[in-house]
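Peer 1: This is the structure, below, for whatever I ask next.
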Amino acid sequence: MRFLSATVISRFRSSASSNHLVGFLRSSSSSSSAAAAASTATATATATATATATAAFLSHPASSSGGGGDGKQRWRLFSLPRVLLPIALAASASFLSLDLHHSSALCDPLLDQRYGGMERTEIGKEVPKVFFDELRNILQDGMTVDYDERYFHGKPQNSFHKSVNVPDVVVYPRSQDDVQKIIIACNKYKVPIVPYGGATSIEGHTLAPHGGVCVDMSMMKNIKALHIEDMDVVVEPGIGWMELNEYLKPYGLFFPLDPGPGATIGGMCATRCSGSLAVRYGTMRDNVINLQVVLGNGDVVKTAARARKSAAGYDLTRLMIGSEGTLGVITEVTLRLQKLPQHSVVAMCNFPTIKEAADVAIATMLSGIQVSRVELLDEVMMQAINIANGKKLPEVPTLMFEFIGTEAYAREQTLIVQKIVSEHNGSDFVFVEDPDAKTELWKIRKEALWACFAMAPNFEAMITDVCVPLSKLADCISKSKLILDESPLLCTVIAHAGDGNFHTLVLFDPEQEEQKREAERLNHFMVHTALSMEGTCTGEHGVGTGKMKYLEEELGMGALMTMKRIKTVLDPNSIMNPGKIIPPHVCI
């Protein structure tokens, strides 16, 4: 429950004449509601003002079309005489409240949208010139207002989400000091900031809906310290995970998270990503020891010590991991490392149905075997892989495993899983130990998205990312697969089956509005199916702009209000990656 202030009410007044307060009154097409409205009209002036104001601000939008007797709620414009305004304000201050589950909350205005513009190629007319002068003093040649560069940074590279704006300027800081000065300047002039990493995210994280400053972290990619005996490394956020692992390989160490090629450590922290190895090593939140972050007001915070565990104060590290640049910009990361396995075995097997494949993944995890990967691909994905790579793999639901350890232990695990597979109607169980063969198999899995585009070269992909408790995985995939197979769109399924996370790649023609709506329908179905099974709308891709609409159902308004309060304290001017994670109707 929450109260609406006079400030909120005054917003509606601003668009009205000087003698009236304009609002919207919810009406109903049912006769009983009409009778109730008529009864209300006979009340005293004070009661009328109170009831009208209450109805106006507690109502939520519904269909505006006409029609009788269907009981649907409608918006109806009303005009409140100015003489009654003080009464309405008093009523709102004393007992106006809203049902947050059913109503859209009214909130503070969004950031000034004068910044940026798709059509504007000249900068300086609306963003204060003095602001650009300050940036130039900080960065010298480490910034650009070139339109092509701004457009590139404002357009998602791997996402179906469309940009409605572009940044006003792209900056390339080289140090934490640069980042701090940039944020202080942006906070001073209330200019939005959008952090930018490897641009591999797919939920619109790097969109710049209000223009502003795109902070490209690609120049901050140094490895600052490697502590071999402690098995940790201190890096700047712009380094890629693949590049880092190449550096670590001679030391017999590696960083175990493996999202899409091109992802950077800073972006991986920001989205709380994982990958195929998460079933053994955990997600990003389990593999980051500490961070240094510049907050929205310019303060620099170190979130923890370098010790492998600590009980000192609030866990600020995990607060920042997954915050998607809405609380601050990450400038340094200390990562937990692992020893390179002595030996590994990669296995594949086939199944008649996707449910049987998912059942084997669950049975494998329940057996206690510490597999490092369990990946599931449906028959459509296998067909795409064959087309893209010139392979002749069986086009049926397929499981891929990786077992690591000593040579004897890895082989022992392989034989145990082979027995589980045979007990669940699996077939064609094969495994490889040759390094080149293993690399080739995992390369095929990593490039699955691009393999799908080989089947539909001019299409775009909507990629779902639901995750459910492991016991619910087979049921969730089976229900989703039935709907996907009935759709006219080309749909493939790929899953991190060991931890209940699966993706659907729904391919659609971006020029066909009907196909886009069908892709959205399939996405909605899978998300709501997962939520009904105590799952989540996003297992590893993050929220961005694409998943905001599901958060209230998944987390509840109490959690969203808490997030909003945290953001308000750490980013008082709401300049940090606006329009991401927290839905706009959430207010404090």
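Peer 1: Figure the gain on full extension for I387 and E534 (residue separation times 0.36 nm, minus the Cα-Cα span) and round it to one decimal in nm.
Peer 2: Using 0.36 nm per residue and subtracting the Cα-Cα distance, I get 49.3 nm.
Peer 1: Can you tell me which of 455-462, 525-532 comes out highest on packing, and rank the rest after it, using the mean Cβ neighbours within 10 Å?
Peer 2: Going from most to least packed, we get 525-532, 455-462.
Peer 1: Of all beta bridges DSSP finds with both residues in segment 156-262, what is the antiparallel percent, to the nearest 5?
Peer 2: Here the antiparallel bridges make up roughly 35 percent for segment 156-262.
Peer 1: At 0.36 nm per residue, minus the direct Cα-Cα distance, what do L482 and A363 gain on full extension? Give it in nm, one decimal, please.
Peer 2: Answer, rounded to one decimal: 40.6 nm.
Peer 1: Decide, for segment 459-563, between rounded, prolate and oblate: order the square roots of the alpha carbon gyration tensor eigenvalues as a ≥ b ≥ c, take rounded if a/c falls under 1.5, and otherwise choose prolate if a/b is larger than b/c, else oblate.
Peer 2: Taking the square roots of the gyration eigenvalues as a ≥ b ≥ c, segment 459-563 is oblate.
Peer 1: How much net charge surrounds P173 when only other residues with a Cβ under 13 Å from its Cβ are counted (Lys, Arg +1; Asp, Glu -1)?
Peer 2: Spelling it out: positives minus negatives among the neighbours equals -3.
Peer 1: Next question, about the same structure. Mind giving me the nanometre distance, one decimal, between the label points for T406 and A456, set 7 Å out from Cα along Cα→Cβ?
Peer 2: Label at T406, label at A456, 5.0 nm between them.
Peer 1: Let me ask something else. Give the distance, in whole Å, between the Cα centre of segment 347-388 and the Cα centre of segment 413-474.
Peer 2: Distance between centres, Cα-based: 5 Å.
Peer 1: Quick one: which of 288-300, 483-495 comes out on top by average Cβ neighbours within 10 Å, and what's the full order, highest first?
Peer 2: Highest-to-lowest ranking by the protection proxy: 288-300, 483-495.
Peer 1: Just to be sure I understand the model, the point goes 7 Å from the Cα along the line to the Cβ. What's the resulting N573 to V164 distance in nm?
Peer 2: 2.3 nm
Peer 1: Label point 7 Å out from K443 along Cα-to-Cβ: which residues of segment 377-391 have amide N under 16 Å?
Peer 2: 385-391
Peer 1: Let me ask you something else. I'd like the FRET efficiency for D475 and D434, computed as 1/(1 + (r/R0)^6) with the beta carbon distance as r and R0 of 51 Å, rounded to 0.05.
Peer 2: For D475 and D434, the calculated efficiency is 0.85.
Peer 1: While we're on this one: What is the extension gain from S310 to K339, computed as 0.36 nm multiplied by their sequence separation minus the C-alpha to C-alpha distance, in nm to one decimal?
Peer 2: Contour length minus Cα-Cα distance gives 8.2 nm.
Peer 1: Between beta-carbons, use under 10 Å as the cut-off and find the net charge around T264, counting Lys and Arg +1, Asp and Glu -1.
Peer 2: -1
Peer 1: Among 191-202, 398-409, 539-550, how do they line up by average Cβ neighbours within 10 Å per residue, starting with the highest?
Peer 2: Taking the mean over residues of other Cβ atoms within 10 Å, the ranking is 191-202, 539-550, 398-409.
Peer 1: In whole Å and largest first, what semi-axes does the C-alpha gyration tensor of segment 256-314 yield when each eigenvalue is scaled by 5 and square-rooted?
Peer 2: The answer is 23, 16, 8 Å, longest axis first.
We did not get these values from a lab; they are worked out from the coordinates using the rules stated. Every value quoted in this text rests on a predicted model; they were computed, and no experiment measured them. We place every Cβ from the backbone using ideal geometry, glycine too, and count neighbours over all the protein chains shown.
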